[in-house]
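Data first, discussion second: the structure below is written as structure tokens.
The values are calculated or read from the model by the stated rules, or taken from the named source; none is laboratory data. Here the structure is a predicted model, which is why all the values come from computation and not from measurement. Positions of Cβ are generated from backbone atoms using ideal geometry, with glycine treated the same way; all protein chains shown enter the neighbour counts. Each accessible area value is taken on the protein alone, full model and side chains, heavy atoms only, with ligands, DNA and RNA left out. Shrake-Rupley method; radii C 1.70, N 1.55, O 1.52, S 1.80 Å.
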Amino acid sequence: MKNNYFKLIFLFALSTFVISCSNDDDNNVETPEETLSEFKYLRILLSDEKTNEITLVNPVDATTSSFNAKFAKSALYTTESGRYAGIVHRADNTVETFDSGFESHGDHVDVDGLPQFGALTGKSLLPTHFKSKIGELLTFNDGDGTLSVAKEAEINTPGAVFKVINAGLLAHHGAMATFTNGTYAITEKDNSITGTLPEKVKIIDNTGKTLFDATIVTKGIHGNASDGTYAVFGSASGVLVVESTGKQKLIALPEDFGTAWFGSILETSTKGKFVGYTAAKGAYLIDVVNSTIKPILQNTTIMQCKVSYNDSKLGILLHSGEFKLFNLNSLSVEKEAKIIAETATDATLKPQIQLTENFAYITSPNTGELLQLNLTSMEISKKIKVSKTPYMITILGFENSESH
């Protein structure tokens, strides 16, 4: 009898333990996952088509700050460091700068002041292409074929202005690229073709002196990028690759291109590899070392084609409203979904996109909003009111949430 009593006590204790463990398991299952959030020190900067308004968005808490640029409809570019932006008013012959106030120290970020316009400004004839390498800001000025150059370190220096480099060029719709040794690849026009596009590229120093003359003449150049070693230009004759030594070569376009060619070239995180884009054919990976061009997406309805902030992925938005995210190492599609309504191919103002590691940001010109797309769920996670007609967009700051 006594043994039976102890057996009952043991079975009761065992069942209580099992129920307790079961409840613990249930509690673990019910714990919600942490909501994906943007990095603390990233900001989105937008210009407006019709007003001078510049909007700075903190995507973490969906708050905005408004500033007034000198003119409307400005193009926005992020500098090499990520801290600053160049604000280019092409039609008004003016360049402004903007400071996010964030200073990166590698493992963490400091707040080094409030967001504000920089003191550095530029005045030139039709500043168009903007680049930032080796701590410099650079514009090509279509109106007179000159370059304007300034240092990032001068952005908050009172009275600082861009300096002009005159390489003795004819005015044209040109482009330039910076090499890590401080020299520049710059387009030049010889009028061998009609129109404003240049035909060749030469190497100059920071005084405008020619170091290496062009060795290849093309049927027209537009679009370029540089990783510091290779300067790559889109051309009607093929992809023109230029090195600081003066060495030049053409990579043949795919056989089915016909008269199509890459009018846009984008940098990636891999040395010697670039993305070429043409609305007539699609997006392709250009390997300048091996002289190959491989398709990423062959499609003639692409509306936007942008490399992510860390240069490792490619986001493509189609006119249909479909978005595709590609891994630039494997060239495979990681995610895809229809995320916005269809945009007419002849729409006056179209959505613009930029990508961070975890999100894509899309302007909505018709609603005056910035849309935040979660790249994991492929759903719009936030709609943030900005200016009435958002025009251009760029990312400022750092993919980092660590501070002191």
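Observations on the structure shown:
- Solvent-accessible area per residue for the stretch 294-404 (1.4 angstrom probe, square angstrom): 44
- Largest to smallest in accessible area, the residues V289, V57, V386 fall in the order V289, V386, V57 (1.4 Å probe, all protein chains included).
- With respect to the chain, whose longest principal axis is taken over its alpha-carbon atoms, helix 2-30 is tilted by about 20°.
- Full-extension gain in nm, E243 to F257, via 0.36 nm per residue minus C-alpha separation: 2.5 nm
- Each of the peptides 237-245, 207-215 was scored by the mean count of other Cβ atoms within 10 Å over its residues; in descending order, highest first, they stand as 237-245, 207-215.
- Note: relative contact order over the chain, using C-alpha pairs below 8 Å and six or more positions apart, is 13 percent.
- Rel. contact order, % - alpha carbon contacts under 8 angstrom, at least six apart, the stretch 168-248: 26
- Electrostatic dipole magnitude of the chain [Cβ: Lys, Arg +1; Asp, Glu -1; Cα centre; debye, to 20]: 760
- (1) 193; (2) 158; (3) 382, with the label sought being that of the calculated volume of the Cα convex hull per residue in Å³: (1)
- Of the solvent-accessible surface of the chain, computed with a 1.4 Å probe and all protein chains present, 52% belongs to carbon and sulfur.
- Cut-off under 5 Å, modelled amide H: who pairs with K219 long-range: A236, S237
- Within the stretch 210-288, the trypsin sites (Lys or Arg not before Pro) that combine a DSSP coil assignment with at most 14 other C-beta atoms in a 10 angstrom radius are K219, K247, K271.
- The charge dipole of the stretch 28-102, taken about its Cα centre with unit charges on the Cβ of Lys, Arg, Asp and Glu (plus for the first two, minus for the last two), comes to roughly 460 debye.
- Think of the stretch 272-404 as having a plus end and a minus end, set by charges on the Cβ of Lys, Arg, Asp and Glu; of Q298, A347, L375, A347 sits farthest toward the positive end of this dipole.
- The value for the stretch 160-299 of Rg(Cα) / (2.2 N^0.38 Å) is 1.02.
- Relative to the Cα centre, the charge distribution of the stretch 248-401, modelled as +1 at Lys and Arg Cβ and -1 at Asp and Glu Cβ, gives a dipole magnitude of about 220 debye.
- Averaging the sequence gap over all C-alpha pairs within less than 8 Å and six or more residues apart, then dividing by the number of residues, gives the stretch 256-362 a relative contact order of 17 percent.
- Per residue of the chain, the DSSP helices (runs of n ≥ 4 H) give a summed -39500 (n - 2.57) that works out to -2500 deg cm²/dmol at 222 nm.
- Extension gain, D112 to K385: 0.36 nm times the residue separation minus the Cα-Cα distance gives 95.6 nm.
- Karplus-derived 3J(HN,Hα), 6.51/-1.76/1.60, for each residue of the stretch 143-160, Hz, glycine and proline x: x, 9, x, 9, 10, 10, 9, 8, 9, 4, 5, 8, 4, 9, 8, x, x, 5
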